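Undergrad: A single structure is presented below for examination.
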Amino acid sequence: MTLAPIVMFVYNRPQLARQTLECLAVNELASESDLFIFSDGSKQNATNSDCIKIEETRKVIREKEWCKTVTIIESSVNKGLATSVIEGVTEVVNKFGNVIVFLQTKPV
C-alpha cells in the first residue's frame, strides 16, 4: 500500500507545531509515512518576538524524525499562507499524485 505523503505548513506557533507533530508521530502509520514541512519566513514588519517564535517553531520541527522521512522546506521570505499552501501542495501532488495537508491557523 502506498500512503499519501503528509504536508504540514508552519509559521510562528511552536506549541501548536509540537502538539500536531507529537499526535502525528504516535499514529500507527507514521513509521511508514513521508512528511513534508513547509516553514514560512518572517514578514517584513515582523517584531523581534515574531522572529523568535518562527525560530522556535523551526527548532521544534527539526527535533526528531516525526515520520519515516521528514523533509523541511524553510522560506527565507514570507510568502503568506495562500501562496505557501498552493506552492507546497502543488509541488508534493505533482511528485506523488496525492497529499494529506495540515495547516496551522489562528484559533477561532
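The values are calculated or read from the model by the stated rules, or taken from the named source; none is laboratory data. The structure displayed is predicted, hence computed values, not measured ones. Heads up, the Cβs are rebuilt from the backbone with ideal geometry, glycines too, and the neighbour counts pull from every protein chain shown.
Undergrad: How many residues does region 12-61 contain that are in contact (Cβ under 8 Å) with a residue 24 or more places away in the chain and either among the hydrophobic types (A, V, I, L, M, F, W, C) or at positive phi (or both)?
TA: 15
Undergrad: Here are some residues: Ile73, Ile86. Which one is under 17 Å from Pro5 (Cα atoms), in contact with a Gly (Cβ under 8 Å, 6 or more places away or on another chain) and surrounded by 11 or more Cβ atoms within 10 Å (Cβ to Cβ)?
TA: Ile73
Undergrad: Scan region 50-69 and give yes if some residue there is out of contact with any Lys or Arg (no Cβ under 6 Å at 6 or more places or on another chain) and within 13 Å of Ile100 (Cβ to Cβ), otherwise no.
TA: Within region 50-69, one or more residues are out of contact with any Lys or Arg (no Cβ under 6 Å at 6 or more places or on another chain) and within 13 Å of Ile100 (Cβ to Cβ).
Undergrad: Still on this structure, I have one more. Within the group Lys59, Lys68, Lys95, which residue is farther than 19 Å from Arg13 by Cα, touching a helix residue (DSSP H, G or I) at 6+ places or on another chain (Cβ under 8 Å) and among the charged types (D, E, K, R)?
TA: On inspection, the qualifying residue turns out to be Lys68.
Undergrad: Now, a different point. Would you please name the residue that is surrounded by the most Cβ atoms within 10 Å (Cβ to Cβ), looking only at residues in region 39-64 that are in contact with a strand residue (DSSP E or B) (Cβ under 9 Å, 6 or more places away or on another chain) and not hydrophobic (A, V, I, L, M, F, W, C)?
TA: My answer is Asp40.
Undergrad: Which residue pairs have Cβ atoms closer than 7 Å, lie 6 or more positions apart in sequence or on different chains, and pair a first residue in region 95-108 that is over 14 Å from Leu16 (Cα atoms) and of a type outside the set (D, E, K, R) with a second residue that is modelled with pLDDT of 95 or more and in a helix (DSSP H, G or I)?
TA: Val99/Val89; Val99/Val92; Val99/Val93; Val101/Val89
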